[in-house]
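Any read-out appearing in this document is the output of simple, stated calculations on the displayed coordinates, not a laboratory observation. Note that the coordinates shown come from a computational prediction; the quantities given were computed from them, not determined experimentally. Cβ: placed from backbone, ideal geometry, glycine included. Neighbour counts: every protein chain shown.
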Amino acid sequence: MINYTAHVRRLMSDIVLRVPRLSFLDMNRILVFARAGRADREGPYATCHCVCLPSSEPGYYFWRDQTTGALTRRSEWFVTKSPIVRVGSNQIDYMVSFTLPRFCDQRRVSARKRARYPGHPVWMAKLDTIIHELYHIDPHQPGIRRIERADGTLSTKCHSPAFFQDVVEMVTQYLTSSPDPEILEFLHYDFAGLTARYGGVVATTFRGASYPRRYVEAVVPPADASIPDCPVEPLDLPRAVTHFGDGDLVTRRFFAEPRRTVARRKVRAA
Ligand SMILES: [Zn+2]
């Protein structure tokens with residue numbers, strides 16, 4: 001079987017060696033994992049997740065009287081935090097998830113994406129996605145890369161025409177650096193093609209349905225906080241997993257169609 005996330009990781013490691021704009025990335029602090037997602041459903045092919053943002057400033061939700069503007073109630077004080085993710089001896093700062101089999105198939109490669117690579121094979125769209133997700137990592141501060149508007153102010157968006165064009169340039173730069181074709185070969189196949197060639201697709205994924213996400217934690221008010229005099233609503237917080245480690249990761253097989261029962265035991269990858 002082919003271990004898809006291991007192949008993506010090997011490709012990413014080669015990309016950061018050959019593309020100077022991504023050379024600041026430390027692959028030891030980036031986790032690649034897979035999530036299940038059908039090719040015939042809407043959804044992302046891949047996502048970049050930041051797990052190194054510092055805790056937010058303490059705050060609370062509040063409700064106002066529409067007429068008087070006075071606070072009528074507020075929530076407990078809380079902060080939002082990133083979970084701690086460790087793999088082996090490495091603390092993880094970013095995770096890039098790939099949706100399988102959707103990422104492998106990319107049946108609906110957009111006209112815009114095709115136009116970026118005229119005359120090139122369809123699998124280039126997958127390389128574009130991989131570099132796109134790495135480019136989301138901010139080189140200067142923890143978090144997702146901020147997009148500057150033409151006037152120099154920061155946009156609330158994560159993408160811009162310049163972002164997409166930068167990715168095209170990095171894809172071209174990587175391919176013209178004469179990478180080993182064997183490192184890229186797995187991108188040539190859709191999910192059925194991979195299954196036919198390798199007998200199946202396995203990938204690193206999180207045990208169960210949850211994966212590391214930012215969570216809310218109730219806190220005592222800061223000593224210098226001004227505390228409004230109004231009723232307090234307790235926060236109704238789901239139980240958050242705050243630490244993830246090797247024991248939360250498994251290698252399991254992915255299938256073209258969803259299965260009722262998910263194989264969670266470790267699968268040996270060839
Ligand atoms: Zn993006």
- What does the highest-first list of 136-144, 217-225 look like by mean Cβ count within 10 Å? 136-144, 217-225
- Message: I want the antiparallel fraction of DSSP beta bridges within the chain, as a percent rounded to 5.
- Response: 60
- Query: For the chain, what's the relative contact order in percent, using C-alpha pairs closer than 8 Å and at least 6 residues apart?
  - Reply: 30
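Under 8 Å for C-alpha pairs, at least 6 residues apart: give me the relative contact order for the range 135-192, rounded to a whole percent.
Reported as a whole number, the value is 18 percent.
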- In degrees from 0 to 90, rounded to the nearest 10, what is the angle of the helix 124-135 Cα long axis to the longest principal axis of the chain? 40
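Starting from the range 69-130, pick out the trypsin sites (Lys or Arg not before Pro) whose DSSP state is loop and whose Cβ has at most 15 other Cβ atoms within 10 Å. If you can, show how the numbers build up before the last one.
Numbers: sites: ARG73, ARG74, LYS81, ARG86, ARG102, ARG107, ARG108, ARG112, LYS113, ARG114, ARG116, LYS126; in loops: ARG107, ARG108.
Listed in order of number, the matching sites are ARG107, ARG108.
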- Grab the chain and count how many Lys pairs have their alpha-carbon atoms under 30 Å apart, sequence gap of 8 or more, or different chains. 5
- Sum of -39500 (n - 2.57) over DSSP H runs of 4+, divided by residues of the chain (222 nm, nearest 500): -6500 deg cm²/dmol
- Query: Once the piece of chain linking GLU233 and SER177 is laid out straight, how much longer is it, given 0.36 nm per residue of separation minus the C-alpha distance between them?
  - Reply: 14.3 nm
- Compute the long axis of helix 161-175 from its Cα atoms, compare it with the longest principal axis of the Cα atoms of the chain, and write down the angle in degrees, 0 to 90, nearest 10. 40
- Of the chymotrypsin sites (Phe, Trp or Tyr not before Pro) in the range 14-64, those whose Cβ has at most 12 other Cβ within 10 Å and which sit in DSSP loop: PHE24, TYR61
- Over the range 123-270, what is the relative contact order in whole percent, taking alpha-carbon pairs under 8 Å and six or more residues apart? 20
- Note on the structure: If one compares the long axis through the Cα atoms of helix 4-18 with the longest principal axis of the Cα atoms of the chain, the angle in degrees, nearest 10, works out at 90
- Query: At a Förster distance of 22 Å, what's the computed FRET efficiency of SER226 paired with TYR61, Cβ-Cβ distance as r, to 0.05?
  - Reply: 0.85
- Net charge dipole size for the range 123-270 [Lys, Arg +1 and Asp, Glu -1 on Cβ; Debye, nearest 20]: 1020
